[in-house]
Amino acid sequence: MQYFELTFLILFLPLVMLIYQLVGKKKRPFILLIASYIFIYTLSGKLLVYLLLATLCIHHFGIWLDANKKEEKEQIKDLDKEEKKQIKLKYLKQRKGILFLGILILMIMITLTKYMAFIGVNINHLLALFKINLKFKLSNLVAPIGISFYTFSAISYLVDVYRGKIKADNNLFKLALFLAFFPQIMEGPISRYEDTAENLYEGKKITYHNMCFGIQRICYGLLKKLVIADRLNTPVKLIFNGYDKYGGVILLLGAILYTIQLYMDFSGIIDIVIGTGEIFGIKLPENFRQPFFSKNISEFWSRWHITLGTWFKDYIFYPISLSKMSRKITNSLRKKIGNHFGPLVAGTIALGTVWLCNGLWHGAAYHYVFFGFYHFALILMANIFNPAINNFYEICHINPEQFFIKAIRIIKTTIFVIFGELFFRAQSLKIGLVMFKKIFTEFNISSLNWKTLNALKLFNYELIIIGITLLIVFIISIIKEKGINIREKIAKKPIYIRWMIYYALVLYVIIFGAYGGLYIPVEPMYADF
Amino acid sequence: MKNIIKPIVFIAILGGMLAFLSLVFEPKDNLESYDIRSLEANGILGEPKNTIDILFLGDSELYSSISPLQLFNEYGIASYVTSTAGQKLFESWDFLKKTMKNQNLKMVVLDCNLFFRKMKYNEILNNKLENFLAIFKYHNRWKHLTKKDLLLSDKSYTYSDKYKGYLIRNNIKSVNKYYEKQSTDKIFDINIENVFYINKIINECQKRGIEVLFVSTPSYIEWTYAKHNAIELLAKKNNVSYFDLNIDNIANIDWKADTVDAGDHLNYLGARKTTTQVGKYIKDNYNLVDHRYDVNYQNWYQLINNYYEKIRSIEKSS
C-alpha cells in the first residue's frame, strides 16, 4: 500500500479517520500508532522490528541521558567551583558516551541494511591496492521502508536531549508515534521531536476546515505525482537505461525530464504526506519551497528537501564548524588571510563533511558521493567568488535582484541542478560521466524529432498533458512565491466556485493520471534512500 | 450538522460524477482500440450466446497447454481458454462472472497453477474498486473516446480469438538436466485468500449446476508433489475431481522437445498431447454434448481449418 494508491486513499485513510474521530481524545494517538504499524507492516512485514528497536533505543537512551543530568545536579550541590567543574566534566564525558552508544546502535541498523555491500566493495578495493589476496563478501540486509528518515529523526531526538534542548520523554507511545507516524514514514519529512511529537499526541478532533485543506493538498500532490512524475517514468527509464543509444540532445532531455520527475514525485508525495497530517490537525514541516526559483545552489538547498538540509546543518555542520579545532583554525587564518577567507577554511571542512554525508544518505554508491561533492564544489566556488561577483555588480551598476538578471541567475542554477541530477540518476559514476561528455560532444539538435519522441513514448497527447499540468504547477508556484496563500483565497470563494475547483482537480487526476494499463508507477524514489 | 452534511453532499456528487464517467469510459467493444487488455482471453465476450460449454481458467501454463479447437475437432467439446499471463484468482473470478452473463456453462476447468500465485490484499481491493467504478480501470481511454462512448451506447462485443484463447508456440528449449521428482507427503500451503477465491468459484458453479474440474497441466518447473497433495486435499474437501497430468506423465511429455522454455511452458507439440488427454478425461467422465454435427457450430470448422493449416506450416518449416 502506497500513499498514491486507491487502497490508501479510498479505504485505509478514510477508515483511520473514521475510527480516530469516533474514539475519545485520549485514545486517538493510539489509533494513529496502530494505523502506523499496520501501514508499515503492509510495506515491510516483519522488518517493522527495526523501527521498534529504534524506538526502544531512543526511549531508553533519552531517559538515561536525563537521569545522568539529574545525578550530576545532585552531585554538584554544595560543592565549590573547582569541584563542580571536575564533576561536570566527568558527567559530560559520560553523557557523550551514552549519546555515542545510542547513535551507534541506530547507525549499526542503518549500516547493516544500506551500507554493508558498499563497505565490502571498498575494503576489497583497498586490499587489492595493497596486493593483499583477500576478498570480503558483504551484502546488505533487507532494509525496512523509511529507515533513513526515522533514523535521522531518532538521532535528532537523542542529540537534542543531550544538548538539553528538549527533555527526555518517558512516554514510550508518544516516542513510538513520533517515529512511526504513517504519513511520513516512507519519505519524510524528517521531523523534530519538539515540533511534532506534542502535536501528534494531542488527539485533536478532525475539523471540517482541516479535512478540506488536507484533502485539497493531497489532491495537489496526486496531480504532481500521478499526472507528471509517473507519466515521465517510461521516457526517463528508456533514456537512462539505453544511454549508449542516444546522442547528447536526448541525454540532456533525459536529465531535464528526470529533474522534473524527481521534483514532481518527491514534492508530490510530500504534499500527500503533509495533507494527511493536516486532516488530523498535525502540522508536519514543509520540505519544499519552490526550489526552481533559486538564484544559487545554496538557496536551492534551502528550498529543496529542507528538513534534510536543516538536519545536516544542525547535527553535522554546526558541531564541526563550531568545534574547538575549527575555531582555532579560523582564528589563526583570519589573521593571515583576512576576514572573508579565514573562516572559509573551517567552514569548508564542515561543508565537505555535510555533502559527503548527503551523498551517502541518498545511497551507497559513488555516483551519489559525486552528486554530493558536485554540489559542495558549486557552493564552495560561490563562497570564494561571491565578493568578486558582488564587486562586479557594483562596478557595473547592476542590480542582481532586477528581473532579467534574476531570471538569468535562476536559469543558471536550474542548469547546474539538472547536471547534478544526471549523475544522481545515472546507473554509475562512470555512466554518468559518459552521458555528461556525450551532451557536449554529440549534440545534434536534429535528433530531437517526433520519431524519437514517440519512441520514448512521448506522444503528442502525453506531451500536451505534461505541458498543461506543468503550467498549472508553475502558476501555483509563482503565486506561492509571491507570498499569496492560494488555499486561503480559494477557501474564501463561494461554495459553487470552490467545489468546481475541487471537482476539476479530482477528476483531472483520475482521468489524466498515468496509472494502470501500460504505465508503470515510479516507486516512491526517496523511500529507497 | 452543517459540517457533516457538506462532505456527504460533496462525496455524493463526486460519486455520481464518477459513476457517470464510468459509463462513458467503459469499453463498448472488446477490441484493442477500446483499451482492452489480454485481448485473446477477453475474446470470450465475443462468442455467440450460449455456445461455450467449458470455460478454462488459468495462467500462461494453461494457454500453452490446451487448444479448444483441437478439443472440438477430436471430441466435439465447445470450450474457451480465458487464461492470461500471471493470472490471479480474483481475475479468474472476474472472467467467470463476465462469461456467465452470456454463456450457459456446463463446466469450469481450473488450472491449479493459479492456486499458488500470491495475491496481495492491496491488489484485491484495487480490483474491487476498479470493477465498481470502471473509470479507474479505463481512464486512459480519454485519448480515444468515440462517439459511441459519449452517447453511452450499449456494449456489443465483436472480437473473438481465432484460437479460442490458445497460444501456439513452436520453439523448443529442452530441460537441461531432467530428474525424476521424488514423491513426498508434504503439503504445499495454499494462501487463505486463494482458498477463499477457489471456494467462491466452486460455490458459484455448484449453485448454477456447473461442474468444476481441477487440472494440473504439465510443467516440469512449476509442478511438485507437495503442490499435488495440496490440490488433492482441496479437491476432496470440495468434492471436486482433480486430473493431474504430471503424475506418471500421462500426456507422455518429452521434456527435451515439448517445451518452449526448459520445462515451464509447453510448445504446440506438448499442447497437442495435453489437449488429447484432457479431452479424453472429460469425455470419459462427463456427459457433454458433442457439437461436431451441430449446425450452430459450423463456423468453428473454418477456424479449425486455419488452425491445422498453421500447425502444418509450423511442422513444414521445422
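The values are calculated or read from the model by the stated rules, or taken from the named source; none is laboratory data. Not measured: the values here are computed from a predicted model. A quick note on method: Cβ atoms are made from the backbone with ideal geometry, for glycine too, and the neighbour counts reach across all protein chains shown. Side chains are part of the model used for accessible areas, which takes the heavy atoms of the whole protein and leaves out ligands, DNA and RNA. Shrake-Rupley method; radii C 1.70, N 1.55, O 1.52, S 1.80 Å.
Can you spot a residue in region A:47-70 that is under 27 Å from the mean Cα position of the chain (by Cα), within 14 Å of chain B (Cβ to nearest Cβ), surrounded by fewer than 17 Cβ atoms within 10 Å (Cβ to Cβ) and part of a helix (DSSP H, G or I)? The answer is no, given that none of the residues of region A:47-70 is under 27 Å from the mean Cα position of the chain (by Cα), within 14 Å of chain B (Cβ to nearest Cβ), surrounded by fewer than 17 Cβ atoms within 10 Å (Cβ to Cβ) and part of a helix (DSSP H, G or I). Residues in region B:27-49 that are aliphatic (A, V, I, L, M), buried (at least 18 other Cβ atoms within 10 Å of the Cβ) and not in a loop (DSSP other than H, G, I, E, B): B:A41, B:I44, B:L45. Could you check, for region A:197-205, whether at least one of its residues is open to solvent by 20 Å² or more (accessible area, probe 1.4 Å), in contact (Cβ under 8 Å) with a residue 24 or more places away in the chain and within 13 Å of chain B (Cβ to nearest Cβ)? Yes, region A:197-205 has at least one match.
Residues in region B:227-244 that are over 20 Å from B:Q277 (Cα atoms) and open to solvent by 20 Å² or more (accessible area, probe 1.4 Å): B:K227, B:N229, B:L233, B:K236, B:K237, B:N238, B:N239.
Within region B:156-164, can one find any residue that is touching a Pro at 6+ places or on another chain (Cβ under 6 Å) and away from every other protein chain (no Cβ under 14 Å)?
Here is the first cut: in region B:156-164, the ones touching a Pro at 6+ places or on another chain (Cβ under 6 Å) are B:164.
Subset that is away from every other protein chain (no Cβ under 14 Å): B:164.
Yes: region B:156-164 contains one or more residues that are touching a Pro at 6+ places or on another chain (Cβ under 6 Å) and away from every other protein chain (no Cβ under 14 Å).
Annotation note: of A:G254, A:G242, A:G247, A:G268, the sole residue that is crowded, with 22+ Cβ neighbours inside 10 Å and more than 23 Å from A:Q2 (Cβ to Cβ) is A:G254. With respect to B:N239, determine if the residue is within 18 Å of the chain's Cα centre (by Cα), over 30 Å from B:I304 (Cα atoms), free of Cβ contacts under 8 Å to residues at least 40 places away in the same chain and more than 14 Å from every other protein chain (Cβ to nearest Cβ). So B:N239 does not fit the description; no.
Kindly check whether there is at least one residue in region A:100-122 that is open to solvent by 100 Å² or more (accessible area, probe 1.4 Å) and modelled with pLDDT of 90 or more. Scanning region A:100-122, I find at least one residue that is open to solvent by 100 Å² or more (accessible area, probe 1.4 Å) and modelled with pLDDT of 90 or more, so the answer is yes. Condition test on A:N390, is it surrounded by 13 or more Cβ atoms within 10 Å (Cβ to Cβ) and of a type in the set (S, T, N, Q)? Spelling it out, it is not the case that A:N390 is surrounded by 13 or more Cβ atoms within 10 Å (Cβ to Cβ) and of a type in the set (S, T, N, Q).
Inspect all residues belonging to region A:129-146 and state whether any of them is open to solvent by 60 Å² or more (accessible area, probe 1.4 Å), touching a Leu at 6+ places or on another chain (Cβ under 6 Å) and free of Cβ contacts under 8 Å to residues at least 60 places away in the same chain. Yes, region A:129-146 contains a residue that is open to solvent by 60 Å² or more (accessible area, probe 1.4 Å), touching a Leu at 6+ places or on another chain (Cβ under 6 Å) and free of Cβ contacts under 8 Å to residues at least 60 places away in the same chain. Scanning region A:1-20 for residues that are surrounded by 15 or more Cβ atoms within 10 Å (Cβ to Cβ), within 14 Å of chain B (Cβ to nearest Cβ) and not in a loop (DSSP other than H, G, I, E, B) returns A:L6, A:T7, A:F8, A:L9, A:I10, A:L11, A:F12, A:L13, A:M17. Figure legend. Inter-residue proximity from region B:302-316: first residues of a type in the set (F, W, Y), second residues surrounded by 13 or more Cβ atoms within 10 Å (Cβ to Cβ) and part of a helix (DSSP H, G or I), beta-carbon distance below 7 Å, spacing 6+ or different chains. Indicated pairs: B:Y307/B:L69.
Residue by residue through region B:220-275, note down the ones that are hydroxyl-bearing (S, T, Y) and either within 21 Å of B:V108 (Cβ to Cβ) or not in a strand (DSSP E or B) (or both). Once the filter is applied, which keeps residues that are hydroxyl-bearing (S, T, Y) and either within 21 Å of B:V108 (Cβ to Cβ) or not in a strand (DSSP E or B) (or both), region B:220-275 yields B:Y220, B:T224, B:Y225, B:S241, B:Y242, B:Y268, B:T274, B:T275.
Residues are listed down the side, and each one gets a yes or a no for (1) more than 29 Å from the chain's Cα centre (by Cα); (2) outside any helix (DSSP H, G or I):
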{"position": "A:E421", "(1), (2)": "no, no"}
{"position": "A:K430", "(1), (2)": "no, no"}
{"position": "A:K457", "(1), (2)": "yes, yes"}
{"position": "A:L463", "(1), (2)": "no, no"}
{"position": "A:I472", "(1), (2)": "no, no"}
{"position": "A:I479", "(1), (2)": "no, no"}
{"position": "A:W499", "(1), (2)": "yes, no"}
{"position": "A:A504", "(1), (2)": "yes, no"}
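Residue by residue through region A:220-231, note down the ones that are outside any helix (DSSP H, G or I) and surrounded by 24 or more Cβ atoms within 10 Å (Cβ to Cβ). Hit for region A:220-231 is A:R231, nothing else.
State yes or no: is B:F188 surrounded by 15 or more Cβ atoms within 10 Å (Cβ to Cβ), over 30 Å from B:Q302 (Cα atoms) and over 15 Å from the mean Cα position of the chain (by Cα)?
yes
Looking at region A:156-190, which of the residues that are in a helix (DSSP H, G or I) and either basic (K, R) or without any contact (Cβ under 8 Å) to a residue 60 or more places away in the chain (or both) is surrounded by the most Cβ atoms within 10 Å (Cβ to Cβ)? Walk me through how you get there before you give the answer.
So the first thing to find is which residues in region A:156-190 are in a helix (DSSP H, G or I), and the list is A:156-163, A:172-180, A:182-184.
Adding the requirement that they be either basic (K, R) or without any contact (Cβ under 8 Å) to a residue 60 or more places away in the chain (or both) leaves A:160, A:163, A:174, A:178.
Details: A:D160: 19, A:R163: 14, A:K174: 17, A:F178: 28.
The qualifying residue surrounded by the most Cβ atoms within 10 Å (Cβ to Cβ) is A:F178.
In region B:248-290, which residue that is open to solvent by less than 40 Å² (accessible area, probe 1.4 Å) and of a type in the set (F, W, Y) is nearest to B:Y179 (Cα to Cα)? Ranking the candidates gives B:W255 first.
Results for (1) within 14 Å of chain A (Cβ to nearest Cβ); (2) under 13 Å from the mean Cα position of the chain (by Cα); (3) among the small types (G, A, S); (4) closer than 27 Å to B:I247 by Cα, shown as yes or no for each residue.
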residue	(1), (2), (3), (4)
B:L21	yes, no, no, no
B:L45	no, yes, no, no
B:Y80	no, yes, no, yes
B:G86	no, yes, yes, yes
B:T99	no, yes, no, no
B:F116	no, no, no, yes
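Beta carbons closer than 9 Å, at least 6 apart along the sequence or on distinct chains, pair a first residue in region B:120-132 that is within 17 Å of B:S22 (Cβ to Cβ) and within 7 Å of another protein chain (Cβ to nearest Cβ) with a second that is surrounded by 14 or more Cβ atoms within 10 Å (Cβ to Cβ) and among the β-branched types (V, I, T) for B:N126/A:T7; B:L129/A:T7; B:L129/A:I10. When A:A527, A:A514, A:A491 are checked against the criterion of being more than 14 Å from chain B (Cβ to nearest Cβ) and modelled with pLDDT under 95, a single residue qualifies: A:A527. Among the conditions (1) of a type in the set (D, E); (2) in a helix (DSSP H, G or I); (3) within 30 Å of A:E401 (Cβ to Cβ), A:E278 misses just one, which is (3). For the structure I just gave you, tell me whether B:V212 is under 21 Å from B:I77 (Cβ atoms), of a type in the set (A, V, I, L, M), touching a Cys at 6+ places or on another chain (Cβ under 6 Å) and in contact (Cβ under 8 Å) with a residue 12 or more places away in the chain. Yes; evaluated as a whole, the condition is true for this residue.
For B:I52, the requirement of being without any contact (Cβ under 8 Å) to a residue 60 or more places away in the chain and either away from chain A (no Cβ under 11 Å) or surrounded by fewer than 19 Cβ atoms within 10 Å (Cβ to Cβ) (or both) is met. When the criteria are applied in full, A:E442 meets the requirement of being open to solvent by 80 Å² or more (accessible area, probe 1.4 Å), touching a helix residue (DSSP H, G or I) at 6+ places or on another chain (Cβ under 8 Å) and of a type in the set (D, E).
Kindly establish whether A:I405 is modelled with pLDDT of 85 or more and surrounded by 15 or more Cβ atoms within 10 Å (Cβ to Cβ). No: the conditions fail for A:I405.
In region B:156-185, which residues are more than 22 Å from the chain's Cα centre (by Cα) and more than 22 Å from B:Y63 (Cα to Cα)? Let's see the steps before the verdict.
Step one: filter region B:156-185 for residues more than 22 Å from the chain's Cα centre (by Cα), giving B:171-185.
Once the filter is applied, which keeps residues that are more than 22 Å from the chain's Cα centre (by Cα) and more than 22 Å from B:Y63 (Cα to Cα), region B:156-185 yields B:N176, B:K177, B:Y178, B:Y179, B:E180, B:K181, B:Q182, B:S183, B:T184, B:D185.
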